[in-house]
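Participant: The structure follows.
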Amino acid sequence: MSALVAACSVTATAWLASQTTSGAIRQQQGRDLTADARIYNTLLGYAAAHPRWDGVQQTVRDLAEHSERRIVLTTQSRRPIADSGGRSTPPTLPPQASAVVDPLSVDTALTDASSGTADRIDPRAVGPFLLPAAEQRALRKAADEHVACLNRLGIAADVVRTASGRPRVQFVGGQTATTQDTRCRTSTLDRPTTTEQQALGALNQLADACLDRQDRPGIRLNLDFSWPRAGTDGYDTSPTEAPVAAERAPTAVPAPTAVPAPAPSTEPTVPDSEADRAAASCVDSARREQLGSYVASPALLFITDPGGTTATPTYDLTPANTARIAGVAAIVLALTVGASLLAGARLVRPLHALTGAAQRMRDGEEPETVPVAEDNEIGRLAAAFNDMTAHRARLEEQRKAMVSDVAHELRTPLSNIRGWLEAAQDGLAAPDPAFLSSLHDEAVQLQHIIDDLQDLAAADAGTLRLHREPVVIDDLLAQVAAAHQAGADTAGVTLEVVPGAPAALTADPVRLRQAVGNLVSNALRHTPAGGSVTLHAHTAPDGQQTVIDVTDTGSGIPATDLPYVFDRFWRAEKSRNRRTGGSGLGLSIVRKLTEAHGGTVSATSTEGKGSVFTLRLPAAEPPAGEGTR
């Protein structure tokens, strides 16, 4: 069980540790990738808006401070352009760059593909399409009027500024253009500006030159860089003013925009023809050629740790890492099992000793004690076993003594009866009234001993029957005193009852008189002439018990003998002389009768001054059925 618990604990701990570590590293990787993407996107935007890298140093420093990384930007020949660590410390660059910053060839793995960079040209690279301030104000005014008109019609919309400065109307809350949208359009937003016409014309010429070199007809570009598909009207016409769409990266298929461009005159007959693919390639190369002088040259980006010496570490739970975790878990498991075995052996060793001692006791061998090593559960068990062994030895001694005492007590009256009868047979004694009275006394004594033994046997077997009824305890004590008054007068001892006010008591009056009578007989036997014996009943302070005290001014009981006064056949005078004591069963019967009533009996004594025997009986009514125990 210890090994199983250890295995489960180690396995669970290893799994939780690996999962927690992997999750933390994945989270860190996610943060690092987010920071890397932000660095790349910021530098990409700088390159798209500037023809040179001259002023990028401050931007690099700000990014490095925010991300707690070292950022180095170099030319493709690895000549430093900017370094967040300062030029005084030559950077130690990794063998491979983190990314290539080129607005005309965007790394889509580090950017959002939904942001219009599917053609790998950064949408912030607008070049000649950047509108002057006057054109931007005119378009913004027209866009605001368009949005105000839409709002009056219950259409939520807003104005978004694009990289070129052209405003774009964007619907809010997932709404789309409806037929009401046409009522709000203005001619200003529906046509390109002068700047856009010039830039679009130059781009169209570059694309047509490319197509001409392939012996293909020219195309007419719209402002969103789309064109009529092959096989449709106007495929090879020259570019003219076209309705304006949202500024997007070039694509082979027109995309929906805030201000939709008019569809071609007919549906495309061949959606993905070779001519369209050739036109898309030429448009893409024409845009790169047109924007080349407006954007910064490609640069290598290196993102390292703050020291600039190592790349950011990555982590993966590879088979080697898994084997390493399993090995450590196996070692921990082996240590745990070993410790469990040692602890188990130390735990079981004293239990084996206890088991062996108990088995030898069962087989009838002499009881023996076991060593108590420590004060713990096993040590306390061993101490309890030793106490039980000692108690069993005492009981065995008492059993042997009881057999001897019973034989002695029965032999004495029987010997007397036999002696008197043999004397009568031999003619040495006449069967006169004195002779018969002597035989009668011995027979009564013999009957008394047998009755006491029978009562004790019934009490031990739990078959002692009690007939409970309400008892007036003062009357019962008076009856006991009256029954023993003649014996007290003969011994010259004063016997009196002190009235009390006990609670109601339910008991067997016959058995209770027997118990109190035995105490009075014992007190009279050990009280010299001129002494006194007092009976007193009262209620305990808690109100739950009735207390009966039998107090004498006799010789008292030595402190060493006091714990044994209620044992069977125990007598302080070991010679068992009838003149100095009874059979030794009276106090044992008192204890059994008291326990049968649910009470207790105790004794206190001062040698040479007297003794007090106390009965404590429950004052409340006993549970139903207990009266026939």
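The values are calculated or read from the model by the stated rules, or taken from the named source; none is laboratory data. No experiment lies behind these values; they were computed from the predicted model shown. A quick note on method: Cβ atoms are made from the backbone with ideal geometry, for glycine too, and the neighbour counts reach across all protein chains shown. To get the accessible areas, we keep the full protein, side chains included, count just its heavy atoms, and leave off ligands, DNA and RNA. Shrake-Rupley method; radii C 1.70, N 1.55, O 1.52, S 1.80 Å.
Participant: Spin-label point model (7 Å from Cα, Cβ direction): what's the Thr369 to Lys400 distance in nm?
Facilitator: Placing both labels 7 Å beyond Cα along the Cβ direction yields 2.0 nm.
Participant: Order Cys8, Cys149, Cys282 by their accessible area, 1.4 angstrom probe, all chains in place, largest first.
Facilitator: Cys8, Cys149, Cys282
Participant: Could I ask something else about it? Sort Thr75, Thr336, Thr34 by heavy-atom solvent-accessible area, probe 1.4 angstrom, most to least.
Facilitator: Greatest to least solvent exposure: Thr34, Thr336, Thr75.
Participant: Ignoring ligands, DNA and RNA, how do Trp53, Trp15, Trp420 rank by accessible area with a 1.4 Å probe, largest first?
Facilitator: Ranked from most to least accessible, the order is Trp15, Trp420, Trp53.
Participant: Shifting gears a bit: Mind grabbing the accessible area of Asp489 for me, 1.4 Å probe, Å², rounded to tens?
Facilitator: 100
Participant: Taking the Cβ-Cβ separation of Thr322 and Arg349 as r and a Förster radius of 45 Å, what is the calculated FRET efficiency to the nearest 0.05?
Facilitator: Computed FRET efficiency for Thr322 and Arg349: 0.65.
Participant: Would you calculate the separation in nanometres between label points at Glu289 and Ala7, each defined as 7 Å from the Cα along the Cα-to-beta-carbon direction?
Facilitator: It is 7.4 nm.
Participant: So, for segment 436-521, what is the accessible surface per residue at a probe of 1.4 Å, expressed in square angstrom?
Facilitator: 50
Participant: If the chain between Gln544 and Gln214 were fully stretched, how many nm would it gain, using 0.36 nm times the residue separation less the Cα-Cα distance? The partial results should precede the final answer.
Facilitator: Details: separation 330, 0.36 × 330 = 118.80 nm, distance 11.97 nm.
The Gln544-Gln214 span can extend by a further 106.8 nm.
Participant: What length, rounded to one decimal in nm, is gained on full extension from Ser273 through to Met388, with 0.36 nm per residue of separation minus their alpha-carbon distance?
Facilitator: Result: 31.0 nm gained on full extension.
Participant: Report the gain in length on full extension from Thr75 to Val172: 0.36 nm times residue separation, minus Cα-Cα distance, nm rounded to one decimal.
Facilitator: Separation in residues times 0.36 nm, less the Cα-Cα distance, equals 30.6 nm.
Participant: What does the charge count near Arg616 come to, summing +1 for each Lys or Arg and -1 for each Asp or Glu among other residues with Cβ under 13 Å from its Cβ?
Facilitator: For residues surrounding Arg616, the net value is -2.
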